[in-house]
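The values are calculated or read from the model by the stated rules, or taken from the named source; none is laboratory data. Please read these numbers as outputs of a predicted model, since none were measured by experiment. For neighbour counting, all protein chains shown are included, and Cβ atoms are generated from backbone atoms with ideal geometry for every residue, glycine included. For the accessible areas, the whole protein counts, side chains as well, though only heavy atoms, and no ligand, DNA or RNA atoms are used. Shrake-Rupley method; radii C 1.70, N 1.55, O 1.52, S 1.80 Å.
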Protein chains: 2
Amino acid sequence: MPSANASRKSQEKPREIMDAAEDYAKERYGISPMIQSQEKPDRILVLVKDLTVQKADEVVWVRARVHTSRAKGKQCFLVLRQQQFNVQALVAVGVHASKQMVKFAANINKESIVDIEGVVRKVNQKVGSCTQQDVELHVQKIYVVSLAEPRLPLQLDDAIRPEVEGEEEGRATVNQDTRLDNRVIDLRTSTSQAVFRLQSGICHLFRETLINKGFVEIQTPKIISAASEGGANVFTVSYFKNNAYLAQSPQLYKQMCICADFEKVFCIGPVFRAEDSNTHRHLTEFVGLDIEMAFNYHYHEVVEEIADTLVQIFKGLQERFQTEIQTVNKQFPCEPFKFLEPTLRLEYCEALAMLREAGVEMGDEEDLSTPNEKLLGRLVKEKYDTDFYILDKYPLAVRPFYTMPDPRNPKQSNSYDMFMRGEEILSGAQRIHDPQLLTERALHHGIDLEKIKAYIDSFRFGAPPHAGGGIGLERVTMLFLGLHNVRQTSMFPRDPKRLTP
Amino acid sequence: MPSANASRKSQEKPREIMDAAEDYAKERYGISPMIQSQEKPDRILVLVKDLTVQKADEVVWVRARVHTSRAKGKQCFLVLRQQQFNVQALVAVGVHASKQMVKFAANINKESIVDIEGVVRKVNQKVGSCTQQDVELHVQKIYVVSLAEPRLPLQLDDAIRPEVEGEEEGRATVNQDTRLDNRVIDLRTSTSQAVFRLQSGICHLFRETLINKGFVEIQTPKIISAASEGGANVFTVSYFKNNAYLAQSPQLYKQMCICADFEKVFCIGPVFRAEDSNTHRHLTEFVGLDIEMAFNYHYHEVVEEIADTLVQIFKGLQERFQTEIQTVNKQFPCEPFKFLEPTLRLEYCEALAMLREAGVEMGDEEDLSTPNEKLLGRLVKEKYDTDFYILDKYPLAVRPFYTMPDPRNPKQSNSYDMFMRGEEILSGAQRIHDPQLLTERALHHGIDLEKIKAYIDSFRFGAPPHAGGGIGLERVTMLFLGLHNVRQTSMFPRDPKRLTP
């Protein structure tokens, strides 16, 4: 199908090479016409990861990117890349390839996509730089399917280089803005491929676990009529002739589903926060993994289900995504993630005692600052050897109005956060299911009752006791892998300063 | 734990009854204190669906809603409901229950949630009105866990009554706005429970199928910097000191993921359309099931994967959700959904010929109107006996700028829609992966190149040929079940006139 005569206007350089002289191999290389679904050839494309000694001496077709090319006399070595796999290919002047063909191959811009026909050959010496170490591909035909522009905005090899303290000269790395500005290329690195394949796994494990536990997936609206959770930090949307808002969480809708007898629900979806926070762990749009569940007598029934769900995710990742974890570790070394079964649950007052013993001065009803969270994480790790724990019974004063007070201690509440490597990944609570108490608490917080009428009314026709929580997906990915910025685990992150790509 | 002495300020009526006279059963009924997680009793609550003759003569605890209550002399019959299951319960004056207790039970407002201790008794005559027909519960203790207000905004029995032509007198039904205004109650009906449990199943089957096919789940941003798909029908968001927009589809991001070597991706998420359309099938916010996939040589490779995914969903629903389908059918009778394997694929010109034969006058490059889509659906059903088919090769003129033209016929394109019961549920195409052709087509459509720069630039560094499509979740649910309004399949629908609850 592809032919050496085919050409496209913009790609003069390879054409010049092709047209230069008489060439016995001229049908064997070139720029393919743009694939517009002209034909349905029965050619089978073999995956790079399947190029092993089992295929030795077979003639195969492969489609891959040109990761690097290096001409050397009458030979050209290419590294062909397909996601996280790569193989060495050799174009050498001989029966199949002419001088012009070798030159053509050597001049293909990096990141171009090529179709190659070649013979799989066992090599005597392992190809250390490739994942397919035992074979190389002896090229018989090479056609460019999609030509990359000659100058890449970043080099993939630089983008996976571990950062070391006191950078040595010549060891280029890529800064975060360059990565994010050119995300399509940055996402091609083995590290990015591993991060986002693992993130897909987190979502899958979350749902798999909950569906096995009898949960129902729900879809909640993101455009809402009132800034129901207090009103601060909410994005405004022009909605025909009125204003609307972007939901800061699906919580109110999850709770309505509980009042509507769905009993155990979950959802995965975007969550919007108009916070002008420029930190390593805040985004203005992130993905929430949300759970809400009716319980019988005690909210710990729910806490246990949520903690077990997270434990199942951690286990699943360690079982099914070991390759991805190791790939990320190569660039970002980190200790394996540790957790206990059952999950460690500490009460807020115990945490306060630990912090005070470590010299922190804090009031009983004061919230944890970020540095204190991290310090607590280190203290817990030392004492209990776990990177994951639950902090239960937060002071009522630092939680939202709908949080159920502790019946035994009016200054405490039936609420909890969960932490990974000392950073909060989930916030949750037993919710008030009694409309009268809910009204009282809303008034205490100075909330306009008119704005939360539909919410309070949901509880007027019989509501079971219930609890839940919301998990930040990007944080879980970041902290499980021991990364240091949530922008590394959001494909197209949004923060106060970034809206593109 | 619950006690007859417990009381809550707002519930005077039951208290009066309780306090009225000396009462040998007074510890056996009452209003429970609000469940604030005071204790962790080891009481086991049995599910209503598990109340069968296997449990005959056992004493059990059940938590359920009071669906109806009917006093009759010294007895009170209750129907207890738990999601789509219900059972009859009897409180009768005797050893366990006093006159006052029977009166208390008879006065519990419908939809209240109660904890009941009772003996499971086999009945001689089947209880026709309940799902648990072979047993009833003889009540020994009854405590209200959450009291509903006395006046319900709608009656659940009315809400599941089939609508018939020429309504008979006294056959109340509930109109759509009343349902949606009181969605928390409307969602409790057996029909709503079935609809949304099946919808959860659609999402699950979609992902299960695609993950088995090697797809990766991605998360795409909903807040975007430019109204990239033409600019019409887009919601504006205030983003700190600037404006941003809500994504009308994840398509551009899915394509970037393909350019970033993720090869086969899917996502499930909200999609926003600022269209002032007030029809049975338009929402301003709906859930998109999106697919994008690199292919080798022909976009039909992708069409086949998408069609097979839908077929796997239909099969899975018919296998795993037969109860839900039948429950919905009771209220909304409908023929079972039919489909072929492999899926029928018609070309646009064939469809035109069928329509013209049926008397429709249409130009070759004209788009299908909604009535013509439906007519075509009927013609296809008659001829091929399928409710699901693909319409391929749409006129280029009616498709978006990024649609790949057909290389053989410049008036056609490599694009397709998929239909269920004569209505469109998916729109898709091979996308242009060549930046030069993409630029030409954008200019032809009068699109400001500056606004789609990041998008076009994504293709400059090698892009594989690819195709995809977006499925509307609510439409699939509606059309699979033969419902008539997409608001029936959106939990909290959003349209130009509705933003609450």
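Residue-wise test of (1) at pLDDT 95 or above; (2) in contact with a helix residue (DSSP H, G or I) (Cβ under 9 Å, 6 or more places away or on another chain); (3) of a type outside the set (A, V, I, L, M).
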residue: A:204; (1), (2), (3): yes, yes, yes
residue: A:207; (1), (2), (3): yes, yes, yes
residue: A:227; (1), (2), (3): no, yes, no
residue: A:235; (1), (2), (3): yes, no, yes
residue: A:278; (1), (2), (3): no, no, yes
residue: A:306; (1), (2), (3): yes, no, no
| Within region A:448-465, restricting attention to residues that are part of a loop (DSSP other than H, G, I, E, B) and modelled with pLDDT of 90 or more, which residue is surrounded by the fewest Cβ atoms within 10 Å (Cβ to Cβ)? | A:464
| request: Examine region A:307-328 for a residue that is closer than 30 Å to residue A:292 by Cα, hydroxyl-bearing (Ser, Thr, Tyr) and more than 20 Å from the chain's Cα centre (by Cα), and state whether such a residue exists. | output: no
| Given the residues B:481, B:443, B:473, B:449, which is the only one that is hydrophobic (A, V, I, L, M, F, W, C), touching a residue at least 60 places away in the same chain (Cβ under 8 Å) and away from chain A (no Cβ under 12 Å)? | B:481
| Which ones in region B:323-340 are out of contact with any strand residue (DSSP E or B) (no Cβ under 9 Å at 6 or more places or on another chain) and in a loop (DSSP other than H, G, I, E, B)? | B:332, B:333, B:334, B:335, B:336
| request: Please enumerate the residues belonging to region B:341-364 that are in a loop (DSSP other than H, G, I, E, B) and surrounded by 14 or more Cβ atoms within 10 Å (Cβ to Cβ). | output: B:343, B:360, B:362
| said: Can you tell me which condition residue B:142 does not meet? The list is (1) within 31 Å of the chain's Cα centre (by Cα); (2) under 16 Å from residue B:77 (Cα atoms), and all the others hold. | reply: (1)
| Just to be sure, is residue A:484 closer than 19 Å to residue A:251 by Cα and open to solvent by 40 Å² or more (accessible area, probe 1.4 Å)? | no
| remark: The one condition residue B:162 fails out of (1) in contact (Cβ under 8 Å) with a residue 40 or more places away in the chain; (2) under 22 Å from residue B:270 (Cβ atoms); (3) in contact with a helix residue (DSSP H, G or I) (Cβ under 6 Å, 6 or more places away or on another chain) is (2)
| Positions within region B:230-253 being in contact with a Ser or Thr (Cβ under 7 Å, 6 or more places away or on another chain) and over 14 Å from residue A:237 (Cβ atoms), in sequence order | B:250, B:252, B:253
| When only residues in region A:428-440 that are crowded, with 19+ Cβ neighbours inside 10 Å and under 18 Å from residue A:415 (Cβ atoms) count, which is nearest to the chain's Cα centre (by Cα)? | A:428
| field | Residues that are touching a strand residue (DSSP E or B) at 6+ places or on another chain (Cβ under 9 Å) and basic (Lys, Arg), drawn from region B:67-102 | value | B:70, B:74, B:81, B:99
| query | Would a scan of region A:213-223 turn up a residue that is more than 9 Å from every other protein chain (Cβ to nearest Cβ) and surrounded by fewer than 23 Cβ atoms within 10 Å (Cβ to Cβ)? | reply | yes
| Looking at region A:469-492, is at least one residue under 30 Å from residue A:324 (Cα atoms), hydrophobic (A, V, I, L, M, F, W, C) and touching a Lys or Arg at 6+ places or on another chain (Cβ under 6 Å)? | yes
| task | Could you identify the single residue in B:172, B:89, B:106 that is in contact with a helix residue (DSSP H, G or I) (Cβ under 6 Å, 6 or more places away or on another chain) and free of Cβ contacts under 8 Å to residues at least 60 places away in the same chain? | result | B:172
| query | In region B:66-80, what residues are free of Cβ contacts under 8 Å to residues at least 40 places away in the same chain, of a type outside the set (Phe, Trp, Tyr) and closer than 25 Å to residue B:49 by Cα? | reply | B:70, B:71, B:75, B:76
| said: I need the helices (runs of 4 or more DSSP H) fully contained in region B:110-212, keeping only those with at least 2 residues that are within 30 Å of residue B:473 (Cα to Cα), within 10 Å of another protein chain (Cβ to nearest Cβ) and open to solvent by less than 60 Å² (accessible area, probe 1.4 Å). | reply: B:183-186, B:190-212
| message | For the condition among the charged types (D, E, K, R) and either modelled with pLDDT of 95 or more or not in a loop (DSSP other than H, G, I, E, B) (or both), what is the one hit in A:13, A:9? | response | A:13
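So that you can scan it fast, the table gives a plain yes or no per residue for (1) under 25 Å from residue B:446 (Cβ atoms); (2) touching a residue at least 12 places away in the same chain (Cβ under 8 Å); (3) within 7 Å of another protein chain (Cβ to nearest Cβ):
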residue: B:241; (1), (2), (3): no, no, no
residue: B:248; (1), (2), (3): yes, yes, no
residue: B:251; (1), (2), (3): yes, yes, no
residue: B:274; (1), (2), (3): yes, yes, no
residue: B:281; (1), (2), (3): no, yes, no
| task | Residues being farther than 22 Å from residue A:295 by Cα and assigned to a strand (DSSP E or B): count how many of those fall in region A:399-441. | result | 5
| note | residue B:314 meets each of (1) closer than 30 Å to residue B:196 by Cα; (2) surrounded by fewer than 19 Cβ atoms within 10 Å (Cβ to Cβ) with one exception, condition (2)
| field | Verdict on residue B:292 being away from chain A (no Cβ under 11 Å) and part of a strand (DSSP E or B) | value | yes
